[in-house]
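Read-outs throughout are calculated quantities, based only on the coordinates presented, and are distinct from any laboratory measurement. Computed from a prediction, not measured in an experiment: that's the story for all the values here. Every residue, glycine as well, gets a Cβ built from its backbone with ideal geometry; the counts of neighbours run over all protein chains shown.
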Amino acid sequence: MPLATWAPALTRTATARSRPEGCVRTQAAEHLDVGWPAFQEGTGRAISLVDLDTVKPGLIHYDIGDCMRSGCNPLGEETEQWEAVCFDPEIGEAILTGYLTQARNFLTAADYEYLFDSIRLLAFELGVRFFTDHLSGNVYFKVRHPQHNLLRALVQFKLSESIEAHETDIRNIIQSMVSRAV
């Protein structure tokens, strides 16, 4: 699917009074920074997906996409083995099953339609951010060595490639969630 056909849906917002049918909604509060460190504290057990450092209005797709991006990469974001990075659909199914058990109460058909695209987009976007910071002299993200952001970018780009390779699996997982919600 070309970028022009799905990117506008991730940025469209509508007021509560006049939301056209089929638009994704801006949520009142989104976390916008979900990741493994937010829910592996100490025991490695899921405690919470929210660490409250970046809660603000936004699209639910950013949280879901970021959670799947960070949670479904078994090697993690800081691996030096970027060539081996992959998206694990089994972890993705577990995360989506748990999340959508509650979220199906407020997600619309349009929200479900763009879930895969949000997963793909967030990994690619973060890769671009890491690469841009590397090219700018590592001025935004903290780094341990001069090539750190380049390595992080490669991890995210490899993850994006794997997400695209698993598109059918991911869409099937999402569709099964939609079917359960009906």
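Close amide H partners of GLN147, meaning residues 5 or more places away or on another chain with modelled amide H under 5 Å apart, do not exist here. Only one residue of THR132, TYR112, SER179 has its Cα farthest out toward the positive end of the dipole of segment 94-182, where Lys and Arg carry +1 and Asp and Glu -1 on Cβ, and that residue is THR132. In a DSSP loop and with at most 14 other Cβ atoms within 10 Å, the trypsin sites (Lys or Arg not before Pro) in segment 91-178 are LYS142, ARG144.
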